[in-house]
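The values are calculated or read from the model by the stated rules, or taken from the named source; none is laboratory data. In this text the structure is predicted, and so the values were computed from the model without any measurement. Glycine also receives a Cβ, built like all others from the backbone with ideal geometry; neighbour counts cover every protein chain displayed. SASA here: full protein model, heavy atoms, side chains in, ligands and nucleic acids out. Shrake-Rupley method; radii C 1.70, N 1.55, O 1.52, S 1.80 Å.
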Amino acid sequence: MQSVAELAGVSVVRGGATLLDDIDWRVNEGDRWVIIGPNGAGKTTLLQLLSASLHPTRGFVQLLGEYLGAVDVFELRPRIGVASAALADRIPRGEAVGNVVVSAAYAVVGRWNERYDAMDLARAGQLMKQLDIAHLSKRTFGTLSEGERKRVQIARALMTDPELLLMDEPAAGLDLAGRERLVATLGGIAADEEAPAMVLVTHHLEEIPAGMTHALLLKDGRIVSAGDIADVLTAEKLSETFDLPLELTESDGRWSARALT
Ligand SMILES: Nc1ncnc2c1ncn2[C@@H]1O[C@H](COP(=O)(O)OP(=O)(O)O)[C@@H](O)[C@H]1O
Ligand SMILES: [Mg+2]
């Protein structure tokens, strides 16, 4: 099995604080990982390593067969799709949705004057259909609802046909119906054999789409447990991760957790 990402003895230290501590982890082709942990656990920092936007302080990060530090990250980044709040903040509010999606092929965020070729436009159209945003293509990003913005970001992240798809709390801030629709769409992507390896961050079990294959529990920058989702998502391990006695239920690949009283 080909690895998409491999971390060995990875630590990230910033401003004297250890954000990630001695992480060993491997993501293989076809894997669908969910990273779960409380606020401040280091989830976003871990995704920054996987998106080649941060280098480890110690240890080695291999992405798509290349070692961070020994590769031009500008060649690596188009091979990795990212949907995160930090990236969304950089999308100009006045930009048309169709442009936001297709411009990912040119790895720019901002005003673009590129001439898009027919294949790129066709791919953008197909992704907007898949994410149910085709009808919004002429609207400006700033006029969209939160749920619609998330879909635009995911379409944009898939535009370059990446080998790895990273999503940082894609369902955060959505209402119940919006969350359920997005989780269903993500479940469709997870079930698609052609879709890239996925790593999705959340702190709510209810936001885990059906079809995720692996889970990693993160607490204070350390891995509590990582592996097959059924082995990792247990009441005991989740309680340890969140420092709270929890019980969880699973039904048809969807999870939920509540405090034990
Ligand atoms: N540049 C920085 N310097 C010092 N601490 C930071 C820096 N960036 C983030 N942190 C801290 O690192 C911890 C992990 O952050 P983050 O990866 O964003 O966690 P999560 O996404 O799990 O909520 C948090 O406690 C955060 O305050
Ligand atoms: Mg975060």
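Considering only residues in the stretch 152-200 that are within 24 Å of Gln62 (Cβ to Cβ) and within 16 Å of ligand 2 (Cβ to nearest atom), the one that is most open to solvent (accessible area, probe 1.4 Å) turns out to be Asp168. Per the conditions (1) assigned to a strand (DSSP E or B); (2) surrounded by fewer than 20 Cβ atoms within 10 Å (Cβ to Cβ); (3) among the aliphatic types (A, V, I, L, M), the sole criterion not satisfied by Ile223 is (2). Scanning the stretch 238-260 for residues that are buried (at least 18 other Cβ atoms within 10 Å of the Cβ) and part of a helix (DSSP H, G or I) yields a count of 3.
Taking the criterion of being of a type in the set (A, V, I, L, M, F, W, C), part of a strand (DSSP E or B) and within 16 Å of ligand 2 (Cβ to nearest atom), would at least one residue in the stretch 201-216 satisfy it? Within the stretch 201-216, one or more residues are of a type in the set (A, V, I, L, M, F, W, C), part of a strand (DSSP E or B) and within 16 Å of ligand 2 (Cβ to nearest atom).
Here is a yes/no grid of residues against (1) open to solvent by less than 10 Å² (accessible area, probe 1.4 Å); (2) within 27 Å of Ser256 (Cα to Cα); (3) of a type outside the set (Lys, Arg):
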site	(1), (2), (3)
Val4	yes, no, yes
Gly40	no, yes, yes
Val61	yes, no, yes
Gly69	no, no, yes
Leu76	yes, no, yes
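Taking the stretch 1-116 and the helices (runs of 4 or more DSSP H) fully enclosed by it, the elements with 3 or more residues that are away from ligand 1 (no atom under 16 Å from the Cβ) are at 73-76, 97-102.
For beta carbons closer than 9 Å, sequence separation of 6+ or different chains, a first residue in the stretch 159-170 that is closer than 18 Å to Thr45 by Cβ and part of a loop (DSSP other than H, G, I, E, B) and a second that is open to solvent by less than 10 Å² (accessible area, probe 1.4 Å) and polar (S, T, N, Q), the qualifying pairs are Glu169/Thr202; Pro170/Thr202.
Do we have Thr18 as surrounded by fewer than 23 Cβ atoms within 10 Å (Cβ to Cβ), hydroxyl-bearing (Ser, Thr, Tyr) and within 16 Å of ligand 2 (Cβ to nearest atom) here? It is false that Thr18 is surrounded by fewer than 23 Cβ atoms within 10 Å (Cβ to Cβ), hydroxyl-bearing (Ser, Thr, Tyr) and within 16 Å of ligand 2 (Cβ to nearest atom). Looking across the stretch 1-16, the residues that are within 14 Å of Ala41 (Cα to Cα) and touching a Gly at 6+ places or on another chain (Cβ under 9 Å) come down to Ser11, Val12.
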